[in-house]
1. Using a Gaussian network model of the chain whose springs link C-alpha atoms within less than 10 Å, name the residue from Val37, Val74, Val103 with the highest mean-square fluctuation.
2. Quickly rank 111-118, 55-62 as a protection proxy: mean count of other C-beta atoms within 10 Å, highest first.
3. How large a share of the accessible area of the chain, in percent, is made up of carbon and sulfur atoms when the probe is 1.4 Å and the other protein chains stay in place?
4. How many angstrom lie between the C-alpha centres of the stretch 44-92 and the stretch 1-23?
5. Highest mean first, what order results for 119-132, 41-54 on Cβ atoms within 10 Å?
6. With a 1.4 Å probe and all protein chains left in place, how much accessible area per residue does the stretch 68-121 have, in Å²?
7. Mind checking which of Ser29, Ser76, Ser102 has the largest fluctuation in a GNM of the chain, springs on alpha carbons under 10 Å?
8. Let me have the relative contact order for the chain, percent, based on Cα pairs under 8 Å that are six or more residues apart.
Amino acid sequence: MSDANVELVRRFWEALRARDFAAVGAFMSERGHYVDVPVIGVDEGAFGPAETEARLRLGLEPLADYVLHDGPIVASGDMVVTEHAEEWTWATGEHVRLPFSSVMEVRGGKVDRWWDYFDLSTLMNAAPAAWVESIAGGYK
């Protein structure tokens, strides 16, 4: 099962790399939970395909450029862990490279859990104030 789960996660990252937010959402199960771990307690995260798509659009769609750099993938049973980096560039010129570790649980060919681990201060120190204000309104 691990090989099939790794392949699903590879396709998931390809969809995100292309900023095909609807395709990324479609990888999520109806109960699939996506959250950025540093904001747990402030934001409950997204549940299911539509909320996942909306959450990604809120943060990534406004970017002038987005580059996803692959890293190692480790899998055991239903769990798939990836290490990667994302480069975010805003239209006003700000840029950040964010290292991530992502933990996913795959069941029945869908992602049931996607928890992203990264340093929130790295992102917030680079982000323009207008982007921070725009995401504060949320996606729900």
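1. For the chain, modelled as a Gaussian network with Cα springs under 10 Å, the answer is Val74.
2. Details: 111-118: 18.9, 55-62: 17.0.
Highest mean packing first, the order is 111-118, 55-62.
3. Details: 3760 of 6870 Å².
Carbon and sulfur together cover 55 percent of it.
4. Comparing the Cα centres of the stretch 44-92 and the stretch 1-23, I get a distance of 11 Å.
5. Working: 119-132: 13.2, 41-54: 16.6.
So the order, starting with the most tightly packed, is 41-54, 119-132.
6. I get 47 Å² per residue for the stretch 68-121.
7. Checking each option, the largest mean-square fluctuation is seen for Ser76.
8. That works out to 25 percent.
The values are calculated or read from the model by the stated rules, or taken from the named source; none is laboratory data. Keep in mind it's a predicted model, so treat the numbers as computed, not measured. We place every Cβ from the backbone using ideal geometry, glycine too, and count neighbours over all the protein chains shown. For the accessible areas, the whole protein counts, side chains as well, though only heavy atoms, and no ligand, DNA or RNA atoms are used. Shrake-Rupley method; radii C 1.70, N 1.55, O 1.52, S 1.80 Å.
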